[in-house]
Amino acid sequence: MPDPARPMAASAQRPEPGTPQPEPPAGQRIRELLDRLHGRHDPDAAWELGTCIDALTETLKEGTVQMQALETENGQLRQRLQRERREYVELRASMDELLDLNELSDTISSSFDPQDIMGALMKLSGRVLAYDSCGVFLWHGDHDDLRPVAMQGGEGLKELVFSLLEDGIIDWVVREGHPVVIEDMGTVAQPGVAEYSFVIIPLRVRGRDLGLYVLHSVRAKDEFTAGQIDLLGVLANQTAIAIDNARLYNDLDDTHQRLKESQSQTILSSKLAAVGELAGGVAHEVNNPLQIILSRVQLMMLQNRADLQLLEGLRLIETNVKRISRIISALLGFAGHNLREQDWGAVDIAEALQQAYALIKHQLDKQRIVASIRCDPDLPLLYGNMGELEQVFINLLINAQNAMPGGGKLEIGAHVDAQGMIEIRCADDGVGIAPEHLERIFEPFFTTRGDAGGTGLGLSVSYGIIEMHRGTITVESEPGRGATFIIRLPVEQAMERPPNDAQ
């Protein structure tokens, strides 16, 4: 039986008559034609060979054109890629700049401390460019007084900047009004020495020259980019505004505090004046009959020496009458009725402190209180009442003694402060003063020692005396850490003031 697969295979290999044959590849066809022409003349083969070569040439031309188009497109893509890469780098740099500005803004908005603000500026400047040292210099007064207020890095920058100031370079930069890069001539063309440059940025706020921001960097002048200088200028200008605002805020806060203190002193002075006027009138009315009572009691004591029981009662009356008399004397002193014109003159504060201490020294030693007095040797004399000032110092020493029942340390000092006033400080390490009592400590009759016989007049009288000398008396204290009384006396005003003005 014949195999049916074989005839089918044979028919698949032999094409049907009239079926078009596939065109062989151009290269294969050219080789076939070359074989036909080899050694014999065949016009049909030669013509067909020329046709194939022409077709191949056209194909090559089309391929060349397409390749050139592809190369052009590829070049455009490379340029686009490079452009996008540059834009990405610039965008990244812009984002870094925004982050730096944001960090500086956060510091500015969260702090009114100029040192914090300037520290943030110097820290962020290091991200923009590497520097060896930098500093912020502010003008004080005119442009001849330039002072460093914040420095970072090398200590020699201050001298370098002052050298630029002497050479007139700083004044030129200020007139230019924008950041300037200047070569450090001390390092230019020096063999074996790295070349340095200064970046000097004027700090201007609301048309005022606030100061300068200076960086000293290890690079040549031409190596700085415009973007770096511009960014440093923006950072420095923001810092200048923040420094100026911080100054204004601190000045406003200081003014507010002085106003509060002035108001408190005015209120207290009004209270003292009213109570003093009342106390003076009452004291005069009470003092005369009180002296009569005291003299009669003392007479009865002399007449009844044998009657011990009566004598004991009379002594009790005498003790309390004398106590009332002391209160009356304090009231008279508080009212200012014992200040006489002839008692005013030149006062040596150091001598007044020594005399007051000599009167209280025995009590302080007995209570195991170690006291020391330190006065500047060149303290000026002031015009005042020696006895009244001694009374103030005695009151302060007694208060310190009462604050240290178990002993302690008492330091007394006097010097001339920065404003030209004599400042006396009396500091103890006793029990201190409760915060709720600090504002009332100088009020008349206010005392925390009522059970121990305190009248509440000692500090009130002291306040009035210091006020008559046109001075101030304040106190600083923390519970359990002692108290410091501070007296400030204006020497020049006190010397020029006539004695009657004290009354």
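The values are calculated or read from the model by the stated rules, or taken from the named source; none is laboratory data. Everything numeric in this text was worked out from a predicted model, so none of it was measured. So basically every Cβ, Gly included, is an ideal-geometry build from the backbone, and we count neighbours across all protein chains shown.
In region 292-328, which residues are among the hydrophobic types (A, V, I, L, M, F, W, C) and not in a helix (DSSP H, G or I)?
Selection gives Ala306 alone.
For the structure I just gave you, tell me whether Arg208 is under 18 Å from Ile170 (Cβ atoms), among the basic types (Lys, Arg) and either outside the structural domain of Leu165 (by TED's automatic domain parsing) or buried (at least 16 other Cβ atoms within 10 Å of the Cβ) (or both).
no
Could you give me the residue pairs with C-beta distances under 7 Å whose first residue belongs to region 125-151 and is assigned by TED's automatic domain parsing to the domain that holds Val218 and outside any loop (DSSP other than H, G, I, E, B), whose second residue is modelled with pLDDT of 85 or more and loosely packed, with under 14 Cβ neighbours inside 10 Å wherever it lies, and which are 6+ apart or on separate chains?
Phe137/Arg147; Leu138/Arg147
Looking at region 463-493, which of its residues are in contact with a helix residue (DSSP H, G or I) (Cβ under 6 Å, 6 or more places away or on another chain) and in a helix (DSSP H, G or I)?
Those that are in contact with a helix residue (DSSP H, G or I) (Cβ under 6 Å, 6 or more places away or on another chain) and in a helix (DSSP H, G or I): Gly464, Ile465, Met468.
Could you list all residues from region 206-261 that are in a loop (DSSP other than H, G, I, E, B), within 23 Å of Asp113 (Cβ to Cβ) and polar (S, T, N, Q)?
First, the residues of region 206-261 that are in a loop (DSSP other than H, G, I, E, B): 206-207, 218-220, 224-225.
Filter once more, so that each one left must be within 23 Å of Asp113 (Cβ to Cβ): 206.
Correct list: empty.
Quick one: which of Glu87, Glu58, Glu97, Glu48 is at pLDDT below 75, in a helix (DSSP H, G or I), exposed (fewer than 14 other Cβ atoms within 10 Å of the Cβ) and out of contact with any Asp or Glu (no Cβ under 6 Å at 6 or more places or on another chain)? Even if it seems obvious, please write down each step before you answer.
On the way: Glu58 fails: at pLDDT below 75; Glu97 fails: exposed (fewer than 14 other Cβ atoms within 10 Å of the Cβ); Glu48 fails: exposed (fewer than 14 other Cβ atoms within 10 Å of the Cβ).
None of the other options fit; the residue is Glu87.
Residues checked against (1) within 19 Å of Leu121 (Cα to Cα); (2) surrounded by fewer than 13 Cβ atoms within 10 Å (Cβ to Cβ):
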{"site": "Asp145", "(1), (2)": "no, yes"}
{"site": "Gln152", "(1), (2)": "yes, no"}
{"site": "Gly156", "(1), (2)": "no, yes"}
{"site": "Glu166", "(1), (2)": "no, yes"}
{"site": "Ile169", "(1), (2)": "no, no"}
{"site": "Val173", "(1), (2)": "no, no"}
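Confirm whether Val188 is without any contact (Cβ under 8 Å) to a residue 12 or more places away in the chain and assigned by TED's automatic domain parsing to the domain that holds Met151.
It is true that Val188 is without any contact (Cβ under 8 Å) to a residue 12 or more places away in the chain and assigned by TED's automatic domain parsing to the domain that holds Met151.
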